[in-house]
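*Asks:* So that we are looking at the same thing, I have put the structure below in structure tokens.
The values are calculated or read from the model by the stated rules, or taken from the named source; none is laboratory data. Quick caveat, the model's predicted, so the values are computed rather than measured. Glycine gets a Cβ as well: all are built from the backbone with ideal geometry, and neighbour counts include every protein chain shown.
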């Protein structure tokens, strides 16, 4: 029976844990492993890459792959669906689509997405509610080049939930900060201008380009729980 990359990853990990290759040791080259296991080199590459992503090994060009001296435990973060987040707190969720229009991409979001300013983009403003009270104000820019042709009614299904379920991403970045509320943010969140907000900015990218940049503002007192 042929071995998949995940089976190979598990076997290599077992050998590392058994100290067949101790910390700092150079593991055999991909060609050697492919021959030893009777699999394609691409299978070996995928298995070793998974170990590198988990912090078990370190890959360097022209230097080979070594077992990490100080393995780093890496956390995997999923993009939360805000509806589920609110309902998980035992509260009733709703959302309001405040604006939806096509605009040219401003310099700030363009830089975060790695796109040129002035390219067309879809701009959405959404207010997420918990028990009828503001939970998060969302300003989102979507790259139309990475979206399917038929978009849902975002007044019915939030862009957050639709993207998580429909548009796969392969990478991104996440920034947390505390910032004073602008007038628009304060009005949406029913708080005072200048009030301290928890701000989460997230960029996601697909296989062929950036998908979305979103800025989420939570009212004063909001807390975030993350599970590792």
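*Asks:* Test residue 76 against the criterion of being within 24 Å of residue 174 (Cβ to Cβ) and either in contact with a helix residue (DSSP H, G or I) (Cβ under 8 Å, 6 or more places away or on another chain) or at pLDDT below 90 (or both), and give yes or no.
*Replies:* For residue 76, the condition - within 24 Å of residue 174 (Cβ to Cβ) and either in contact with a helix residue (DSSP H, G or I) (Cβ under 8 Å, 6 or more places away or on another chain) or at pLDDT below 90 (or both) - is met.
*Asks:* Which numbered condition trips up residue 156, out of (1) in a loop (DSSP other than H, G, I, E, B); (2) under 17 Å from the mean Cα position of the chain (by Cα)?
*Replies:* Of (1) in a loop (DSSP other than H, G, I, E, B); (2) under 17 Å from the mean Cα position of the chain (by Cα), only one is false for residue 156: (2).
*Asks:* In addition: How about the stretch 95-110: which of its residues are under 19 Å from residue 169 (Cβ atoms) and either assigned to a loop (DSSP other than H, G, I, E, B) or without any contact (Cβ under 8 Å) to a residue 60 or more places away in the chain (or both)?
*Replies:* Those that are under 19 Å from residue 169 (Cβ atoms) and either assigned to a loop (DSSP other than H, G, I, E, B) or without any contact (Cβ under 8 Å) to a residue 60 or more places away in the chain (or both): 105, 110.
*Asks:* Of everything in the stretch 17-35, what is in contact (Cβ under 8 Å) with a residue 40 or more places away in the chain and touching a helix residue (DSSP H, G or I) at 6+ places or on another chain (Cβ under 8 Å)? Give them in sequence order.
*Replies:* 21, 27
To keep it simple, each residue is scored yes or no on (1) exposed (fewer than 12 other Cβ atoms within 10 Å of the Cβ); (2) in contact (Cβ under 8 Å) with a residue 40 or more places away in the chain; (3) closer than 30 Å to residue 213 by Cβ; (4) under 23 Å from the mean Cα position of the chain (by Cα).
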position: 37; (1), (2), (3), (4): no, no, no, no
position: 43; (1), (2), (3), (4): no, yes, no, no
position: 60; (1), (2), (3), (4): yes, no, no, no
position: 130; (1), (2), (3), (4): no, yes, yes, no
position: 137; (1), (2), (3), (4): no, yes, yes, yes
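*Asks:* Quick one: residue 184 ticks every box in (1) loosely packed, with under 14 Cβ neighbours inside 10 Å; (2) more than 20 Å from residue 83 (Cα to Cα) except a single one, so which number is it?
*Replies:* (1)
*Asks:* Restricting to the stretch 205-221, count the residues that are surrounded by fewer than 18 Cβ atoms within 10 Å (Cβ to Cβ) and either without any contact (Cβ under 8 Å) to a residue 40 or more places away in the chain or under 12 Å from residue 142 (Cα atoms) (or both).
*Replies:* Summing the residues that are surrounded by fewer than 18 Cβ atoms within 10 Å (Cβ to Cβ) and either without any contact (Cβ under 8 Å) to a residue 40 or more places away in the chain or under 12 Å from residue 142 (Cα atoms) (or both) in the stretch 205-221 gives 4.
*Asks:* Here's a follow-up. If I go through the stretch 141-160 residue by residue, how many of them are closer than 20 Å to residue 93 by Cβ and in contact with a helix residue (DSSP H, G or I) (Cβ under 6 Å, 6 or more places away or on another chain)?
*Replies:* Qualifying residue count, the stretch 141-160: 2.
*Asks:* Also, I was wondering about something else. Suppose the filter is under 29 Å from residue 224 (Cα atoms) and surrounded by 14 or more Cβ atoms within 10 Å (Cβ to Cβ); does residue 16 pass it?
*Replies:* no
*Asks:* Moving on to the next point. Out of the stretch 170-228, which residues are more than 23 Å from residue 89 (Cα to Cα) and in a loop (DSSP other than H, G, I, E, B)?
*Replies:* Passing the criteria: 170, 181, 182, 192, 193, 194, 195, 207, 208.
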